Amino acid sequence: ILLSEITNRFLVRIDDFEVQLKNIVGKLQRNNNKNKLDQIFQYRQKLITSKSLLIPMEELINAIEETFLNEVVKTLEFNRVRLRIKRAMTLVQHYQEEMETLLHLEEAISSYRGNEIMKTLTVITTIFTPVMALGALWGMNFKHMPELEWKFGYLGSLILIFVSTIAIYFYLKFRGWTGGILKERKKKSLF
């Protein structure tokens with residue numbers, strides 16, 4: 001009877017935990033950041049603590065059954081506590097799996113976002129390389145720079161910069177290397 005009441009308290013705590021877990025999943029869908037990851041680890045710690053407290057109770061039930069055999073197995077209280085402990089352990093294991101899934105999801109989202117950031121920086125750097133290279137070249141102070149004497153040298157350099165930048169952009173787009181970085185992010189998307 002005492003074990004049954006203790007286990008019942010665990011079941012109430014697990015129900016509270018379920019509500020917290022549903023809240024964190026909803027928050028992750030709306031806004032994914034470092035604080036949410038910290039909350040996931042705190043909830044994971046609560047689960048580990050609950051499981052470590054339930055394991056001795058499960059062991060005690062097995063010891064009682066081993067000691068008293070058929071006498072105790074027939075009692076209503078023993079069967080009730082055995083079922084409560086079994087239910088609590090099942091719930092804890094289920095929520096542990098859900099927490100691991102959340103952590104893997106968080107890891108995948110972070111990895112994807114990091115890759116997209118690196119891809120974006122690479123594409124931007126590649127697209128603006130002609131502008132920077134030609135600007136650096138014409139910023140030098142050499143004595144003999146024939147294009148400075150040309151009548152349409154300034155216009156020609158602007159056209160060269162513009163055409164080379166557009167050519168690189170379309171080459172990257174044609175090869176599929178820009179991916180979705182130039183498209184707007186959907187509001188409900190985790191990515």
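Please give the FRET efficiency for T75 paired with E98, using the beta carbon to beta carbon distance and R0 = 30 Å, rounded to the nearest 0.05. Mind dumping the intermediate values first?
Values: r = 34 Å, r/R0 = 1.14.
It comes to 0.30.
For Rg/Rh (Cα atoms, Kirkwood Rh), one of [x] 0.99; [y] 0.92; [z] 1.41 was computed from the structure I shared and the rest are decoys. Which label?
Computed from the coordinates, Rg/Rh (Cα atoms, Kirkwood Rh) corresponds to [z].
Any idea what angle helix 34-68 forms with the longest principal axis of the chain, computed on alpha-carbon atoms, 0 to 90 degrees, nearest 10?
Long axis of 34-68 versus the principal axis of the chain: about 20 degrees.
Using R₀ = 25 Å, calculate the FRET efficiency as 1/(1 + (r/R₀)^6) where r is the Cβ-Cβ separation of R175 and A133; round to 0.05.
Given R0 = 25 Å and the Cβ-Cβ separation, E is 0.75.
Mean residue ellipticity at 222 nm from the helices of the chain, using -39,500 (n - 2.57) per DSSP H segment of n ≥ 4 over the full residue count, to the nearest 500 deg cm²/dmol? Walk me through the numbers on the way to the answer.
Details: 5 runs with 154 residues, N = 191.
Here the helix-only value at 222 nm equals -29000 deg cm²/dmol.
How would the range 116-175 be classified by its alpha-carbon gyration tensor: rounded, prolate or oblate, with rounded meaning a/c under 1.5 and the a/b versus b/c comparison settling the rest?
Values: a/c = 4.56, a/b = 2.07, b/c = 2.21.
It is oblate, given that a/c is not under 1.5 and a/b is not larger than b/c.
Aspartates and glutamates near K74 by alpha-carbon distance under 16 Å, same-chain residues fewer than 8 away left out - which ones?
E65, E66
If I fit a long axis through the Cα atoms of helix 2-30 and take the longest principal axis of the Cα atoms of the chain, what angle between them do I get, 0 to 90°, rounded to 10?
Approximately 10 degrees, to the nearest 10.
Treating only the Cβ atoms of Lys and Arg (+1) and Asp and Glu (-1) as charged, compute the dipole magnitude of the chain about its Cα centre; round to the nearest 20 debye.
880 debye
Please state, rounded to one decimal and in Å, the Kirkwood hydrodynamic radius that the range 2-113 gives when every pair of distinct Cα atoms enters the mean of 1/r.
Mean inverse Cα-Cα distance, inverted, gives 15.6 Å.
Tabulate in residue order the Karplus-calculated ³J(HN,Hα) for the range 102-114, using 6.51 cos²θ - 1.76 cosθ + 1.60 with θ = phi - 60°, rounded to whole Hz; enter x for Gly and Pro.
Result, ordered by residue: 4, 5, 5, 5, 4, 5, 5, 5, 4, 5, 4, 4, x Hz.
Every number in this text was worked out from the coordinates using simple rules, so none of it is lab data. If you're wondering where the values come from, they're calculated on a predicted model, not measured in any experiment. Every residue, glycine among them, receives a Cβ derived from its backbone with ideal geometry; neighbour counts consider all protein chains shown.
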